[in-house]
Each structure stands twice: as C-alpha cells, then as structure tokens.
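To start, the structure itself, in structure tokens.
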C-alpha cells in the first residue's frame, strides 16, 4: 500500500471515529516527546482514551522506564493521579526513588495489588471507567482479545489512557489495543546515558518503525527528555536495515 493511500485511509478512519465517537475525538493526545515518534502515529501522539501495550524482556527495566515516563507526562497533562495495578508476584514493589528520579512523584501514584490476573483486569477496568485517574497502568497480566476489548471500551468510557505491560511471551498475541510497543535496553559504556530501542510493533491505522533513543534521569525536564541516539539522529533502524 502506498504511503499516500495509507494516509488517506487514516484520514477517513479519523472522520468515522469523530462521527461514531465524538467524545473520543475531543480527548487530548499525549506527545511522546520526540517528533519522529509523534509523526509516525496517525493521531500525532498517543490518544488518551485508549489502550496501549508495552512489552519488554524479562529482567530488563527499559519497558517499565518507558511506561513511567508516559505516566509522568499524563499526570502533568491531566492533573490527576495514576492507578498502578500489579499482580501478586514476588518481583518487589516499584522503587520509589527511581520513580521520582524519572519525574513521577510517589504521591501521584495509587498502587493496587491483585491476587489473580482476573482481579487485576477488573481493577484496571473499574479504574478506567471511573474517569478519576490520569491513566491506569497494569502489570503481570496477559489478557485475551475479549479482555483487551473490555479495557479499550473502559478507556473510552472514562476518557482515560490504559497502559498494559505484557509478558514477552505474548509478543504476537491478538489485541484490541491501538498500539503495541517493544522497548528494550541497548548495551552502552559505563559513562554513557542509558539507551533504549523502541519499536512500534503494531499501530491501528498506521505503520510501525524502530528507533534508538537515549534517556538520562535527572532533576529537570531537560534531563528527562528522550533523544534520538546520535547514530540514528536522522533515520530509524528500519531505514538502516533497508540500505
């Protein structure tokens, strides 16, 4: 499909969405902080009243770090706390100083612990429908297509973004989410800033892509911004592979 035809289809879908769900079309869109990432998305950023999925490798904190930065920006955008739903795993609670170092104040997060995946998904759905939160983030669950549809509908009903961290084993699973991201760490020298590979693996009405970005924790907005890695400052990994 040509890029022109793909853009035309995106425009038509957006018009249909505005006719079918006018409230969703009026919700703010969250910028990812990098123009190249916002531009690849049909909406110019992440729609806030929708479900988005994030995958990472076991033992790799990059996916959680990416989610935390989105949650931080959503708190600032919506001026509300976030609901963080976790399973009954023995991985330990999120590290409070680490959250604060990445710009997410602990008093902006309400944690909910679930004993079973079904309870976690129920808590997410109820939190989304309430409309009381800037976002609802869920970990340690692998919902089926029906469950993701329920989350998507709840996100639309409550005008709230749903973020779902998925186990790496479900990388190819079917879902109702608008986007799916793979975020993994890239090895760097000890003195270098952390580097992530961010892949848009699935995007409803759009195309995917992959990029390497650097991310440095710090005490101000400038330090917390994502930046394209120097070797990829003007092109994506996908374009590199095609050359």
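Only the coordinates and a few stated rules stand behind these numbers; no lab work does. Keep in mind that this is a model prediction, so the values were computed, not measured. Ideal geometry is used to build each Cβ from the backbone, glycine not excepted, and the neighbour counts take in all protein chains shown.
Going by a ≥ b ≥ c, the root eigenvalues of the Cα gyration tensor, does segment 94-199 fall in the rounded group (a/c under 1.5), the prolate group (a/b larger than b/c) or the oblate group?
Oblate.
Rounded if a/c is under 1.5, else prolate if a/b is larger than b/c, else oblate: which is segment 67-156, with a ≥ b ≥ c the root eigenvalues of its Cα gyration tensor?
It is oblate, given that a/c is not under 1.5 and a/b is not larger than b/c.
Using alpha-carbon pairs under 8 Å, 6+ residues apart, how would you state the relative contact order of segment 28-242 in percent?
Over segment 28-242, the number comes to 23 percent.
For residue 227 and residue 194 in one chain, what is 0.36 nm times their gap in residues minus the Cα-Cα distance, to one decimal in nm?
So the extension gain works out to 10.8 nm.
Starting from the 7 Å offset along Cα-to-Cβ, what nm value, one decimal, do you get for the label separation of residue 79 and residue 142?
The modelled label-to-label distance comes out at 4.2 nm.
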